[in-house]
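The values are calculated or read from the model by the stated rules, or taken from the named source; none is laboratory data. Here the structure is a predicted model, which is why all the values come from computation and not from measurement. Note: ideal-geometry Cβ built from the backbone for every residue, glycine included; neighbour counts use all protein chains shown. Note: accessible area is taken over every heavy atom of the protein model, side chains too, but ligands, DNA and RNA are not part of it. Shrake-Rupley method; radii C 1.70, N 1.55, O 1.52, S 1.80 Å.
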Amino acid sequence: MYVSESIALKDKAEKTAAYAYEFGDTTDSDGYLTLTKQVKYKVPYSPIPLPALTVPCYARVHIWCGYLGAGIQPGNDFSGKMVYVTDYESVYHTKPSCTHLDLHIYTKSLSEAKKSRNIDGARYHPCEKCIQKSHTNQQVYLSEHGTAYHNTLECSGLKRNVRLVDQSQISDLSLCSRCESQGRR
């Protein structure tokens with residue numbers, strides 16, 4: 001119960017921190033946002049009656065102070081829809097949990113990676129960015145939805161620099177197909 005409440009509070013703090021900088025709302029002077037919640041827990045089964053415990057949950061995250069987008073200034077009356085973009089993508093995302101943005105990376109041996117398929121059923125192939133034809137590590141990195149295996153976690157195929165921007169600032173980008181299909185459900 002404590003873990004699930006703490007995770008929920010952390011998620012709420014991260015979302016709140018993303019907007020706190022935009023609106024100039026910084027509750028802590030050190031640039032962090034701290035949320036607390038008191039959770040009551042009663043032991044469900046006990047041979048002797050026990051009183052309910054009060055457990056404090058804390059979440060502390062840095063105020064998001066990244067890219068503001070052209071024309072967006074702190075303190076402006078802002079009411080536009082915020083979306084997520086990366087440095088090298090041609091689409092925008094509506095949720096930070098989109099599998100294009102939130103990669104689940106794991107390692108496998110090279111021989112296992114060559115035989116494996118991703119969650120969508122596609123085969124993995126060598127990354128064009130980080131694997132040279134002459135050298136591939138014996139342990140490689142894969143992502144659940146990706147189609148390439150990588151030599152390094154530093155490969156740009158695995159890294160995402162995500163910015164939160166006003167949707168009106170990115171009119172030339174289309175909606176990510178995965179975000180679109182999640183919206184239809």
Inset, instruction - Considering only the range 1-19, state which residues are at pLDDT 75 or above and either in a loop (DSSP other than H, G, I, E, B) or of a type in the set (Asp, Glu) (or both). - result: GLU5, ASP11, GLU14
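Restricting to the range 97-130, name every residue that is touching a Cys at 6+ places or on another chain (Cβ under 7 Å) and either free of Cβ contacts under 8 Å to residues at least 40 places away in the same chain or among the acidic types (Asp, Glu) (or both).
Applying the first criterion (touching a Cys at 6+ places or on another chain (Cβ under 7 Å)) to the range 97-130 yields 98, 100, 127, 129-130.
Within the range 97-130, CYS127, LYS129, CYS130 meet the criteria.
Check whether at least one residue in the range 20-34 is in a strand (DSSP E or B), over 29 Å from ARG178 (Cα atoms), open to solvent by 90 Å² or more (accessible area, probe 1.4 Å) and at pLDDT 80 or above, and report yes or no.
To start, the set of residues in the range 20-34 that are in a strand (DSSP E or B) comprises 32-34.
Next cut, over 29 Å from ARG178 (Cα atoms) only: 32-34.
If we keep only those that are open to solvent by 90 Å² or more (accessible area, probe 1.4 Å) as well, we get none.
Checking the range 20-34: not a single residue is in a strand (DSSP E or B), over 29 Å from ARG178 (Cα atoms), open to solvent by 90 Å² or more (accessible area, probe 1.4 Å) and at pLDDT 80 or above.
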Legend entry - Residue selected from the range 132-152 under the condition open to solvent by 80 Å² or more (accessible area, probe 1.4 Å) and either part of a strand (DSSP E or B) or of a type outside the set (S, T, N, Q) (or both), by the criterion nearest to THR86 (Cα to Cα): GLN132
Legend entry - Condition broken by SER97, with the remaining ones in (1) over 20 Å from VAL83 (Cβ atoms); (2) polar (S, T, N, Q); (3) open to solvent by 60 Å² or more (accessible area, probe 1.4 Å) satisfied: (1)
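Kindly establish whether TYR92 is part of a strand (DSSP E or B), within 27 Å of ALA17 (Cβ to Cβ) and touching a residue at least 24 places away in the same chain (Cβ under 8 Å). Steps first, answer last, please.
On the way: part of a strand (DSSP E or B): yes; within 27 Å of ALA17 (Cβ to Cβ): yes; touching a residue at least 24 places away in the same chain (Cβ under 8 Å): yes.
So TYR92 fits the description; yes.
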Inset, instruction - Output the number of residues of the range 106-126 satisfying the condition of being of a type outside the set (Lys, Arg), surrounded by 12 or more Cβ atoms within 10 Å (Cβ to Cβ) and in a helix (DSSP H, G or I). - result: 3
Legend entry - Evaluation of LYS129 against (1) surrounded by 14 or more Cβ atoms within 10 Å (Cβ to Cβ); (2) assigned to a loop (DSSP other than H, G, I, E, B); (3) of a type in the set (Lys, Arg) (one fails), failing number: (1)
Legend entry - Sole exception among (1) within 23 Å of the chain's Cα centre (by Cα); (2) free of Cβ contacts under 8 Å to residues at least 24 places away in the same chain; (3) open to solvent by 80 Å² or more (accessible area, probe 1.4 Å) for LYS81, by number: (2)
Inset, instruction - Would you mind stating whether GLU180 is open to solvent by 70 Å² or more (accessible area, probe 1.4 Å) and within 30 Å of LYS15 (Cβ to Cβ)? - result: yes
Legend entry - Matching residues, the range 159-171, being assigned to a loop (DSSP other than H, G, I, E, B) and either of a type in the set (Lys, Arg) or at pLDDT 85 or above (or both): LYS159, ARG160
Inset, instruction - Of the conditions (1) over 28 Å from LYS12 (Cα atoms); (2) under 21 Å from the mean Cα position of the chain (by Cα); (3) part of a loop (DSSP other than H, G, I, E, B), ASP102 clears all except one; give me its number. - result: (1)
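Scan the range 39-54 and give yes if some residue there is closer than 30 Å to VAL162 by Cα, at pLDDT 55 or above and part of a loop (DSSP other than H, G, I, E, B), otherwise no. Break it down stepwise before answering.
Filtering the range 39-54 for residues closer than 30 Å to VAL162 by Cα gives none.
Checked the range 39-54: no residue is closer than 30 Å to VAL162 by Cα, at pLDDT 55 or above and part of a loop (DSSP other than H, G, I, E, B).
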